[in-house]
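**Student:** Got a structure here, written out as structure tokens. Questions coming.
Values quoted throughout were computed directly from the atomic coordinates according to the rules given, and no laboratory measurement underlies them. Not measured: the values here are computed from a predicted model. With ideal geometry, Cβ positions are generated from the backbone for all residues, glycine too; neighbour counts draw on all protein chains shown.
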């Protein structure tokens, strides 16, 4: 009987010793360590770019799991804490020069958090463009600053800040009426990234622009100020505009031909575009100083107009400001 009692006591001692050890291990578990950290990345970097590694540790040597809380598409590798740029994340120094988010680490028992800052550094956007994009910037400056020898050069670009309301003086031939509507629809499609639109209105009093179809001599009674400028010129169409500051407020357009190309050309001038220098080859621009019915807006000029009237492209920019703003917009597309 005595031996049995001693054996039972020995078993209880072993069991108690084991339970006590597990409790001590649980009580001694320390939360993982992570502190606020900062990282740096250049603006406009592509998705997948690695930002850096989150520094965290655990005194118990437990395996850590990483997670992130962010309104931006910053990604984290849950196994090793590597941060990277996700799809759709736009890094634009001119819009925001830093992003803030929270990273958490979990050791199986406890979660620790830290605030993380991602500093965005500025770059020269023009240098980051490819050759095709740089050609677009060059042609944008050519058209919006009227750099063609046949145009009066401007030091800053000007465009409409408010919608254009176009009134037709007199009657248009059916063919030209259809062309006018189609050309306006095309320009409205190209300027859809901003708030600018062109619309036809029924009365001159509500208009900000007027269109007249007729002979050059007939413009003397309709647009006398225009006639003074064109009476000694050999032209089949013309456009003049007035502006306040660097924004057009009104325009007058005259065409003497029913071709869509001529109205496209003169409307381009009314919107703030000069003459094109892309006039050689099989597909010359409709913005050349001399055109035929087959001329049309080139793809590069469609892109010029899209960016010219983009909601984030301000009016009144000089040549260096155009290069900076346009390059940035191109990289953000």
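**Student:** Report, in deg cm²/dmol and to the nearest 500, the calculated mean residue ellipticity at 222 nm for the chain, where each DSSP H run with n ≥ 4 adds -39500 (n - 2.57) and the sum is divided by the residue count.
**Tutor:** -10000 deg cm²/dmol
**Student:** Please label the shape of segment 195-333 as rounded, prolate or oblate, based on the square roots a ≥ b ≥ c of the eigenvalues of the alpha-carbon gyration tensor (a/c under 1.5 means rounded; beyond that, a/b larger than b/c means prolate, else oblate).
**Tutor:** Cα axes put segment 195-333 in the oblate bin.
**Student:** Computed from the coordinates I sent, Kirkwood radius over Cα pairs in Å equals one of [x] 25.0; [y] 20.6; [z] 21.1. Tell me the label.
**Tutor:** Derived directly from the coordinates: [x].
**Student:** Next up: If you fit an axis through the alpha-carbon atoms of helix 319-332 and take the longest principal axis of the Cα set of the chain, what angle between them do you get, 0 to 90°, nearest 10?
**Tutor:** For helix 319-332, the angle is close to 50 degrees.
**Student:** What list do you get for 49, 219 if you sort them by fewest beta carbons within 10 Å?
**Tutor:** If I rank by nearby Cβ atoms, fewest first, I get 49, 219.
**Student:** Now a separate question. Can you work out the FRET efficiency for the pair residue 242 and residue 282, with r the C-beta to C-beta distance and R0 = 45 Å, to the nearest 0.05?
**Tutor:** Between residue 242 and residue 282 the formula returns 0.75.
**Student:** For the chain, what does the relative contact order come out to in percent, with C-alpha contacts under 8 Å and a separation of six or more?
**Tutor:** Relative contact order for the chain comes out at 16 percent.
**Student:** Restricting the count to DSSP beta bridges whose residues both fall in segment 127-332, what percent are antiparallel, rounded to a multiple of 5?
**Tutor:** Percentage antiparallel, nearest 5: 35.
**Student:** Under 8 Å for C-alpha pairs, at least 6 residues apart: give me the relative contact order for segment 33-121, rounded to a whole percent.
**Tutor:** In percent, rounded to a whole number, it is 38.
**Student:** Starting from the Cα of residue 73, step 7 Å along the direction of its Cβ; do the same at residue 181; then give the gap between the two resulting points in nm.
**Tutor:** That separation, rounded to one decimal, is 4.1 nm.
**Student:** Further question on the same structure: Sort 231, 141, 159 so that the residue with the fewest other Cβ atoms within 10 Å of its own Cβ comes first and the one with the most comes last.
**Tutor:** Ranking 231, 141, 159 by Cβ neighbours within 10 Å, fewest first, gives 231, 141, 159.
**Student:** Report the label-to-label distance for residue 59 and residue 202 in nanometres (one decimal), using points 7 Å from each Cα along the Cα→Cβ vector.
**Tutor:** Distance between the two pseudo-spin positions: 8.3 nm.
**Student:** Under the 0.36 nm per residue contour assumption, what length would be gained going from the current alpha-carbon distance of residue 127 and residue 162 to full extension?
**Tutor:** 9.3 nm is the gain from fully extending residue 127 to residue 162.
**Student:** Measure off 7 Å from each Cα along the Cα-to-Cβ vector at residue 113 and residue 332, then give the distance between these two points in nanometres to one decimal.
**Tutor:** With each label placed 7 Å out from Cα toward Cβ, I get 3.1 nm.
**Student:** Give me 273, 331 ranked fewest to most by other Cβ atoms within 10 Å of their Cβ, as a rough exposure proxy.
**Tutor:** 331, 273
**Student:** So what's the gap between the Cα centers of segment 253-284 and segment 216-232, to the nearest angstrom?
**Tutor:** Using only Cα atoms, the two centres lie 19 Å from each other.
**Student:** Could I ask something else about it? Suppose the chain between residue 321 and residue 217 were pulled fully straight at 0.36 nm per residue; how much longer would it get relative to their current alpha carbon spacing?
**Tutor:** In short, 33.3 nm is gained.
**Student:** Considering Cα pairs under 8 angstrom that are at least six residues apart, work out the relative contact order of segment 268-328 and quote it in whole percent.
**Tutor:** Result for segment 268-328 is 18 percent.
**Student:** Further, regarding this structure: Kindly express, to the nearest 10 degrees and within the range 0 to 90, the angle between helix 260-271's C-alpha long axis and the longest C-alpha principal axis of the chain.
**Tutor:** Value to nearest ten degrees: 70.
**Student:** Can you tell me the convex hull volume per residue for segment 33-121, based on C-alpha atoms, in Å³ to the nearest whole number?
**Tutor:** Expressed per residue, the convex hull around the Cα atoms of segment 33-121 is 78 Å³.
**Student:** Where both partners of a DSSP beta bridge lie in segment 155-251, what percent of those bridges are antiparallel, to the nearest 5?
**Tutor:** About 25 percent, rounded to the nearest 5.
**Student:** Return one number: the angle in degrees, 0 to 90 and rounded to the nearest 10, between the long axis of the Cα atoms of helix 131-144 and the longest principal axis of the Cα atoms of the chain.
**Tutor:** The angle comes out near 40 degrees.
**Student:** Same structure again: Between residue 92 and residue 188, what is the FRET efficiency for a Förster distance of 30 Å, r being their Cβ-Cβ separation, to the nearest 0.05?
**Tutor:** 0.65
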